[in-house]
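Student: Dumping the structure here so I can ask a few things about it.
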Amino acid sequence: MGDNGQDFCPSIEGLDNFQDAVLVQPGGRIPVDGQVVGGHSFVDQAPITGESMPVEKQAGSSVYADTINQSGALELRVERLGRETIFGKIIEAVETAEKSRAPIQGIADRLAGYLVYLRRTFWPQVALDLPSRAN
C-alpha cells in the first residue's frame, strides 16, 4: 500500500482498474501511460518523444509506456494500458503502414522483374564481349 492509501499493483497483468497505482523503481521501464502521484525522478522519453535528455517527473507529471525511469522511484496512476498507450498506437501505425503498399510500388516491382528478365535473356554476354583496355 502506498503513502496515499492506494494498493500497488506488482505487475501490469494484475491491473483491473484505471485508478490502480504502479510503482516503478529506478532503472525500470514504465509499463503504462499514466500520471505521477508520488516520487521524483528523471525519465528517458526518447523512444516516444525523441528528446535526448531525461525529463524531470514529479507529482502531476504525465509519463508514457516504454520510457525508462532513471533515478528515483515513481508511483503512477494508470490512465492507459497495452494497445491504448501512446507507444501501442505508434506500434499499430507502423504495423498498418507495413501491411499497405503504394500502388506505384507494385508497378516498380513488376518493371524491375521485366528488366532483369530482358537483361538475362537478350544480353547475357554483353559484359564478356566488351574489349578490354590495356594500359
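Where a number appears in this text, it was derived from the coordinates with a stated rule and is not lab data. None of these values were measured; they are calculated from a predicted model. Neighbour counts are summed over all protein chains in view; Cβ atoms, including those assigned to glycine, are modelled from backbone coordinates with ideal geometry.
Student: Order of Glu79, Glu56, Glu95 from fewest to most other C-beta atoms within 10 Å? Let's see the in-between values first.
Tutor: Values: Glu79 16, Glu56 12, Glu95 9.
Ranking Glu79, Glu56, Glu95 by Cβ neighbours within 10 Å, fewest first, gives Glu95, Glu56, Glu79.
Student: What does the highest-first list of 60-69, 111-120 look like by mean Cβ count within 10 Å? Working shown, then result.
Tutor: Working: 60-69: 18.6, 111-120: 9.9.
The peptides rank, most packed first, as 60-69, 111-120.
Student: Report, by chain and number, residues whose modeled amide H sits under 5 Å from the one on Glu79, excluding near sequence neighbours (fewer than 5 apart, same chain).
Tutor: Asp33, Gly34, Gln35
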